[in-house]
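A.B. asks: I have a structure here, written as structure tokens, and I will follow up with some questions on it.
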Amino acid sequence: MSAQAKSLLDRWRLLVLLLWLGACVWLLWQRWGAIYWFSLGDTDDNMRIAQVRAWLDGQGWYDLRQYRLNPPLGFDIHWSRLVDLPIAGLILLTRPFVGGKVAEQIAVALAPLIPLLLAMLAAAFTARRLIHPRAAILAAAMVLCCQVALDQFRPLRIDHHGWQLAFLMVTIAGLADPKRVRGGVAVGIASALSLVIGLELLPYIAVAGASIALRWIVHQEARPRMMGYAVAFGTATALGFGLFASYANRAPLCDALTPVWLSTILVASAALMILAQLNPARREARLVLAAVAGAIVAGFFWLTWPQCHGRPENVSPELYRLWLSNVREAKPIYVQNADTIVANLAVPAIGMIGALWGIWRARGQEAIYCWLSIVVLSLFSVGMLFWQVRAGPAAQLIGVTGAAFLGWHLIGWFARSQHMLVRVFGITAAFLIVSGIASYAAFPFLPKEKDDTPYWKKVKAANRSCPTLPALQPIARLPKTVIFTFADLGPRLIAVTHHDAIAGPYHRNGAAILDIHHAFDGPPEQAREIAKRHGATLLLVCPYFAESTVYKSRSPNGFYARIERGETFPWLEPMPLPAKSPYKLWRIK
């Protein structure tokens, strides 16, 4: 490698920034049509923009109640304002120049790309510390190859998962930081910010904290890292609660950063600070003290908050059976299709191989403890996939460091070859394999779901067409009212029309979700009573929309199945829609 090339690689921050800018251009170009049509594809993205608008329109900072679902009372969303900040900031920055509509398009396009930069920088920092000072650009590029994780950073994906994944990468970078205090503080702050956003990565946060304590048990010299972590984690969590916890989250609920988790984290942080102060010389004494501290923290949580011993959502058995058990991303990986299994497991498997090799190469060095933490996190994330496939993005990003380690050595081996063809094709093949890109070549040969039947083609068509602006524009022109529709259409309806809806797919909205299911599953008279109770004057359905398949298969003689078959009822008056509309609309008498 020439001196100029080496000098360029040493400017790793600039290279990562340029790589990120190139990725931004590509992703924006790729999603340009969707940005223009404001195609927020996920219910959470639509709910997020509705929350931001409500805040900008004057709703209180701590009032996260969504009044346009289940009006007039609404329901409390379990999120925080932290993720709203960059979206709202972009809107306020651009609205005076381009108007409200374009400002929102700009915000939803650019906001998800900000945490992508943070994730790439964190991956680069980790690679510099654990692999080689010039491996930064390779690790950052690996982030862009994790397609399952990258979906959480694409334009329009304004929900909170991208930020949490970025903070997970900062956590790993903190674990790899040779400056012990700085590394501990980085892990503590990143963990606290992730918890302020939501509890999705709480298990990974616990594993990262435990790994810091284990380092101290094995090596007394790790005391500054543990002290920095404990102080930063406890302080940042308390500040995060004070600044971002909504009125609803000040109650002892289990599904967000509430007094339940705040108190538990403060007890855990205090315990770690006491351990760091005691800091006995003998390893056995440190192990006993850590075990006692862990038991105290666990006992505090168990005895103080008995309502949180089960699932954090605390949904009723009926709501779980009718709704939550049907959420695809909440199902384990082994019930997914083959493409999903390969896409989610390829990079974690490659990363595990690389991390195990990293442990072997780092034996006798302090870096071995970070590699051990990465292996434990990787094993944990893969295990989580067998509970819920939504753990896939985290599993992929955790695997990036090990995959980059493997790739760095393979690419270096091929680069030293005397034969040009070996260098060119060997380096290319090595990158395609370790990045997981090569695994996608297997997709055409994997067994497919039977989703090419006429029925499933209709389902796919409905899922594409029903949430679009052209499909919803005729409905948006009607006078404002409350519309009774599917729970999965509720957030989209309030995001792109002035109408209100009954429910969205959020567990704190559980009673309204059950009303939707009871209405579509039960007899027509029950559906009318439920709709009237909620003040709905219109009934809107999208035949063959994914949620409708649940009602049709579960209750073939229920209200929804009967209206899809074309049955008429005296209390429903058909409303005219364009000939090509995917919707059916009735006025409720």
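A.B. asks: Which condition breaks for Gly510 when tested against (1) at pLDDT 95 or above; (2) closer than 23 Å to Met47 by Cβ; (3) within 33 Å of the chain's Cα centre (by Cα); (4) open to solvent by less than 20 Å² (accessible area, probe 1.4 Å)?
C.D. replies: Failing condition for Gly510: (1).
A.B. asks: Do any residues in region 280-291 that are part of a helix (DSSP H, G or I) have Cβ atoms under 6 Å from those of residues that are surrounded by 11 or more Cβ atoms within 10 Å (Cβ to Cβ) and among the aliphatic types (A, V, I, L, M), where the two are at least six apart or on different chains, and which pairs are they?
C.D. replies: Close Cβ pairs satisfying both conditions: Arg286/Ile217; Leu287/Ile217; Leu289/Leu275; Ala290/Ala213; Ala290/Ile217.
A.B. asks: Met169 - would you say it is surrounded by 21 or more Cβ atoms within 10 Å (Cβ to Cβ) and over 17 Å from the mean Cα position of the chain (by Cα)?
C.D. replies: No.
A.B. asks: Being within 29 Å of Ile359 (Cα to Cα) and under 21 Å from the mean Cα position of the chain (by Cα): is that true of Leu117 here?
C.D. replies: In short, yes.
A.B. asks: From (1) open to solvent by 30 Å² or more (accessible area, probe 1.4 Å); (2) of a type in the set (Ser, Thr, Tyr); (3) touching a residue at least 40 places away in the same chain (Cβ under 8 Å), pick out the condition that doesn't hold for Ser553.
C.D. replies: That leaves (3) as the condition not met.
A.B. asks: Find all pairs meeting these conditions: Cβ atoms under 8 angstrom apart; at least six residues apart or on different chains; first residue within region 23-37 and outside any helix (DSSP H, G or I); second residue crowded, with 18+ Cβ neighbours inside 10 Å.
C.D. replies: Arg31/Ala109; Arg31/Arg154; Arg31/Pro155; Arg31/Leu156
A.B. asks: Output the qualifying pairs, or none if there are none: Cβ atoms under 9 angstrom, residues six or more apart or on different chains, first residue in region 450-466 and among the hydrophobic types (A, V, I, L, M, F, W, C), second residue open to solvent by 40 Å² or more (accessible area, probe 1.4 Å) and at pLDDT below 85.
C.D. replies: Listed pairs, sorted by first residue: Trp456/Glu449; Trp456/Lys450; Val459/Asp451.
A.B. asks: What tally of residues in region 503-522 results from selecting those that are in a helix (DSSP H, G or I) and over 14 Å from Leu324 (Cα atoms)?
C.D. replies: Of the residues in region 503-522, 5 are in a helix (DSSP H, G or I) and over 14 Å from Leu324 (Cα atoms).
A.B. asks: To continue, here is another question. Would you check which residues across region 64-77 are open to solvent by less than 30 Å² (accessible area, probe 1.4 Å) and touching a residue at least 24 places away in the same chain (Cβ under 8 Å) and list them?
C.D. replies: Leu64, Gln66, Leu69, Pro71, Phe75, Ile77
A.B. asks: Among the residues of region 23-34, count how many are farther than 16 Å from Gln105 by Cα and open to solvent by 40 Å² or more (accessible area, probe 1.4 Å).
C.D. replies: 1
A.B. asks: Can I ask one more? I'm told Arg215 meets every condition in (1) under 19 Å from Val185 (Cβ atoms); (2) surrounded by fewer than 21 Cβ atoms within 10 Å (Cβ to Cβ); (3) at pLDDT below 95 except one. Can you identify the failing condition by its number?
C.D. replies: Of (1) under 19 Å from Val185 (Cβ atoms); (2) surrounded by fewer than 21 Cβ atoms within 10 Å (Cβ to Cβ); (3) at pLDDT below 95, only one is false for Arg215: (2).
A.B. asks: To continue, here is another question. Suppose the filter is of a type in the set (A, V, I, L, M, F, W, C), modelled with pLDDT of 95 or more and either open to solvent by 40 Å² or more (accessible area, probe 1.4 Å) or part of a helix (DSSP H, G or I) (or both); does Ala186 pass it?
C.D. replies: Answer is yes for this residue.
A.B. asks: Assess whether Val181 counts as being modelled with pLDDT of 95 or more and open to solvent by less than 40 Å² (accessible area, probe 1.4 Å). Give the derivation first.
C.D. replies: Working: modelled with pLDDT of 95 or more: yes; open to solvent by less than 40 Å² (accessible area, probe 1.4 Å): no.
Against the criterion (modelled with pLDDT of 95 or more and open to solvent by less than 40 Å² (accessible area, probe 1.4 Å)), Val181 does not qualify.
A.B. asks: Still on this structure: What are the residues in region 296-347 that are in a loop (DSSP other than H, G, I, E, B) and either under 22 Å from Arg508 (Cα atoms) or open to solvent by 60 Å² or more (accessible area, probe 1.4 Å) (or both), if any?
C.D. replies: Start the filter on region 296-347 by keeping residues that are in a loop (DSSP other than H, G, I, E, B), which leaves 305, 309-316, 323, 327, 331-332, 336-337.
Trp305, His309, Gly310, Arg311, Pro312, Glu313, Asn314, Val315, Ser316, Trp323, Val327, Lys331 - these are the residues of region 296-347 that are in a loop (DSSP other than H, G, I, E, B) and either under 22 Å from Arg508 (Cα atoms) or open to solvent by 60 Å² or more (accessible area, probe 1.4 Å) (or both).
A.B. asks: Then there's this: Filter region 348-373 down to residues that are out of contact with any Phe, Trp or Tyr (no Cβ under 8 Å at 6 or more places or on another chain) and not in a helix (DSSP H, G or I) and give me whichever is most open to solvent (accessible area, probe 1.4 Å).
C.D. replies: It comes out as Arg363.
A.B. asks: Let me ask something else. From Glu567, Glu529, Glu525, Glu547, grab the single residue that is among the charged types (D, E, K, R), in a loop (DSSP other than H, G, I, E, B) and either buried (at least 17 other Cβ atoms within 10 Å of the Cβ) or out of contact with any His (no Cβ under 6 Å at 6 or more places or on another chain) (or both).
C.D. replies: That would be Glu567, the only listed residue that is among the charged types (D, E, K, R), in a loop (DSSP other than H, G, I, E, B) and either buried (at least 17 other Cβ atoms within 10 Å of the Cβ) or out of contact with any His (no Cβ under 6 Å at 6 or more places or on another chain) (or both).
A.B. asks: Let me ask you something else. For region 286-295, check the following and say yes or no: at least one residue is open to solvent by 60 Å² or more (accessible area, probe 1.4 Å) and in contact with a helix residue (DSSP H, G or I) (Cβ under 8 Å, 6 or more places away or on another chain).
C.D. replies: Step one: list which residues in region 286-295 are open to solvent by 60 Å² or more (accessible area, probe 1.4 Å), which gives 287-288, 291-292, 295.
Those still in the list that are in contact with a helix residue (DSSP H, G or I) (Cβ under 8 Å, 6 or more places away or on another chain) too: 287.
Looking through region 286-295, at least one residue is open to solvent by 60 Å² or more (accessible area, probe 1.4 Å) and in contact with a helix residue (DSSP H, G or I) (Cβ under 8 Å, 6 or more places away or on another chain).
A.B. asks: Out of Leu322, Leu377, report the one residue that is aliphatic (A, V, I, L, M) and either closer than 21 Å to Val218 by Cα or touching a strand residue (DSSP E or B) at 6+ places or on another chain (Cβ under 8 Å) (or both).
C.D. replies: After applying the criteria, what remains is Leu377.
The values are calculated or read from the model by the stated rules, or taken from the named source; none is laboratory data. Computed from a prediction, not measured in an experiment: that's the story for all the values here. For neighbour counting, all protein chains shown are included, and Cβ atoms are generated from backbone atoms with ideal geometry for every residue, glycine included. For the accessible areas, the whole protein counts, side chains as well, though only heavy atoms, and no ligand, DNA or RNA atoms are used. Shrake-Rupley method; radii C 1.70, N 1.55, O 1.52, S 1.80 Å.
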